[in-house]
Amino acid sequence: MRGRKEKERILKGPTEWRKQKQLKKLRIVMTAVGLMLLFSVAAGAFLAWYQIQSALDQNRQQAAQPPASSFSTEEETDDDSVNLALAGPGRPLPAGYRVQVETYQGVSVDRRILPALKKMMEDAAAAGCPLTLAEGYVDAERQDALFQAEVKRLLKTQKLSQVVAENRAQSTVGRGGQTDAQTGLSVAFAAADKNFGATPQYRWLTRNSVDYGFVQRYPAEKSAKTGMEGNAARFRYVGVENAVQMRELSMCMEEYVSYLGKRDG
């Protein structure tokens, strides 16, 4: 074998032998260049895939977060002794409950809900569903006067007995100190056609109000629990966390407060 190689070297001559060595070197260089190109292509493909995955992950995270326009939970009051204060038929407000009254767009409300209320109304307007406030806080004396006026109207127009008229008025207007209007945490919205439940504003609120800590106070299907007839226009502030949970559990305030009491008891 050695003799053959030496014989080939002699036959080929120095010049041809150098050419053969250069050809081998060229093959090695080309192989190295090819490997480098292959590595570069693979690295580029991986980088592109990584960037695409990062963008998709970012989009998923943004989709899972509340919209930028929603109310920030950092601005809300987290005092559930206030947020979940109940008032209803046969259930007067807790003794010592105080409303911190402030006027907004001609309506009185508890100032603690103003940041959330303002933000919700601003975002509703930006979405093409401007909201108009019709009612907010009503003190117990004024509420009782409204109740008595409704009783008299029922007695006169429908010829009801005193007891029946009072029961009817209690489920629609409510006695002083026994309606959500006395909390200062709820508002009623107005509609030009008087049927707020048929408006785009109502549909916007049913989708988005929990993001600002508001829930519909008197859903029609919960009348047996609230003791009040359904009212599509009245929304109550309970805080974002409570509002979201109430929607997830399909509970009105009476059910939710009872649920928390049993859970934490």
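Since every read-out is calculated from the coordinates, none of them should be taken as a lab result. Please read all numbers here as calculations on a predicted model, not as lab measurements. Virtual Cβ from ideal backbone geometry, glycine too; neighbours counted across all protein chains shown.
Please list, in order along region 228-244, the HN-Hα scalar couplings obtained from phi with the Karplus expression 6.51 cos²θ - 1.76 cosθ + 1.60 (θ = phi - 60°), rounded to whole Hz, x for Gly and Pro.
In residue order, the calculated couplings are 10, 5, x, 9, 5, 8, 9, 10, 10, 7, 10, x, 4, 4, 5, 4, 5 Hz.
Which distance in nm do the two modelled labels at residue 80 and residue 163 give, with both placed 7 Å along the Cα-to-Cβ direction?
The modelled label-to-label distance comes out at 3.9 nm.
Sorting check: for 189-200, 104-115, which peptide has the highest mean count of neighbouring beta carbons within 10 Å, and how do the rest follow? Mind showing how you got there, number by number?
On the way: 189-200: 13.7, 104-115: 18.0.
By packing density, highest mean first, the sequence is 104-115, 189-200.
So how much slack lies between residue 132 and residue 206, counting 0.36 nm per residue of separation and subtracting their Cα-Cα distance, in nm? Don't skip to the end; give the middle numbers.
On the way: separation 74, 0.36 × 74 = 26.64 nm, distance 1.59 nm.
Net length gain for the segment: 25.1 nm.
Any chance you could run the full-extension gain for residue 198 through residue 264? It's 0.36 nm times the residue separation minus the Cα-Cα distance, nm to one decimal. Intermediate results must be reported in sequence, preceding the final value.
On the way: separation 66, 0.36 × 66 = 23.76 nm, distance 3.82 nm.
Separation in residues times 0.36 nm, less the Cα-Cα distance, equals 19.9 nm.
Could you tell me which of rounded, prolate or oblate describes region 192-234, using a ≥ b ≥ c as the square roots of the eigenvalues of the alpha-carbon gyration tensor, with rounded for a/c under 1.5 and, failing that, prolate when a/b is larger than b/c and oblate otherwise?
Details: a/c = 2.65, a/b = 1.21, b/c = 2.19.
It comes out oblate by the Cα gyration axes.
Specify whether the C-alpha gyration tensor of region 173-252 places it in the rounded, prolate or oblate class, a ≥ b ≥ c being the square roots of the eigenvalues: rounded for a/c under 1.5, otherwise prolate if a/b is larger than b/c and oblate if not. Write out the running numbers ahead of the final one.
Details: a/c = 1.42, a/b = 1.04, b/c = 1.36.
Because its axes are fairly even, with a/c under 1.5, region 173-252 counts as rounded.
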